[in-house]
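Written out below as structure tokens is the structure these notes cover.
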Amino acid sequence: MLTTRPRVAELVFQLYGRALHPELFQVHQTQTVARGDYEAKIDITSAGHVVCWRYAGLTLTEVAASAQHPLPERRRLLSARLRGQRNERIECRGGITYQVSFQLEPVDPEIFWTFQQELAQDGRRNGLLHQFDSSGRMAMGALSYINIQSRQRKLLIQAFHTFPDDCAIVKSQSLFSLP
């Protein structure tokens, strides 16, 4: 099965106030974190990532996926095309907060390849890493790297997704915080 990425122009960033069916995504790597009273499942998918965070009956699901990907609209709290830079903060019941900062960064090819190589080296040592097949246009396929930092009352997810055909990098940082 070919595991290349969609074009970067097709990407959207979404947050749901519920879990989504795992069958909706082609998962390449996964990690589960349980700390204190919360738990999270972090997946690298074909287009980006999915984070499903749970605490005391509340579920938040963050998705970076293709706009063509058929996802539900029910209980969607945020939906934004991945263009430029954006910061969001959502207050949930019980004083729980979700904050995200994401950006699409087109870069010069030389900078892109240096970043891609450094990301591959760092990802092999820690975090969650997946290297995709080459699209045929470029020698190296895309990479997804997710750094997970779990604290007693906070979960920080830093995600980097590269798009070699576009010489673009998608960066996101998400913080799930308990009151």
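The values are calculated or read from the model by the stated rules, or taken from the named source; none is laboratory data. This is a predicted model, so every value here is computed, not measured. Neighbour counts run over all protein chains shown; Cβ positions are idealised from the backbone, glycine included.
Among the residues in segment 17-27, are any touching a residue at least 60 places away in the same chain (Cβ under 8 Å) and farther than 25 Å from Asn126 by Cβ?
At the first step, the residues of segment 17-27 found to be touching a residue at least 60 places away in the same chain (Cβ under 8 Å) are 17.
So of that shortlist, the ones also farther than 25 Å from Asn126 by Cβ come out as 17.
Within segment 17-27, one or more residues are touching a residue at least 60 places away in the same chain (Cβ under 8 Å) and farther than 25 Å from Asn126 by Cβ.
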Worksheet item: Under 9 Å by Cβ, and 6 or more places apart or on different chains, what pairs join a residue from segment 64-80 that is under 7 Å from Val12 (Cα atoms) with one that is part of a strand (DSSP E or B) and acidic (Asp, Glu)?
Response: Ala80/Glu88
Practice prompt. Please name all residue pairs, on different chains or six or more residues apart, with Cβ atoms under 6 Å, provided the first residue is in segment 134-160 and is on the phi < 0 side of the Ramachandran plot and assigned to a loop (DSSP other than H, G, I, E, B) and the second residue is modelled with pLDDT under 90 and of a type in the set (Lys, Arg).
Written response: Ala142/Arg5
Discussion item. Checking the condition farther than 25 Å from Gly94 by Cα, in a strand (DSSP E or B) and in contact with a Leu (Cβ under 9 Å, 6 or more places away or on another chain), which residue from Thr61, Thr30 passes?
Written reply: Thr30
Worksheet item: What residue, among those in segment 40-58 that are modelled with pLDDT under 95 and either within 8 Å of the chain's Cα centre (by Cα) or in a strand (DSSP E or B) (or both), is farthest from Glu91 (Cα to Cα)?
Response: Thr45
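Kindly indicate whether Glu105 is in a strand (DSSP E or B) and at pLDDT below 95. First the steps, then the outcome.
Numbers: in a strand (DSSP E or B): yes; at pLDDT below 95: yes.
So Glu105 fits the description; yes.
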Discussion item. Looking at segment 102-112, can you tell me whether even one residue there is among the hydrophobic types (A, V, I, L, M, F, W, C), farther than 24 Å from Phe163 by Cβ and more than 20 Å from the chain's Cα centre (by Cα)?
Written reply: no
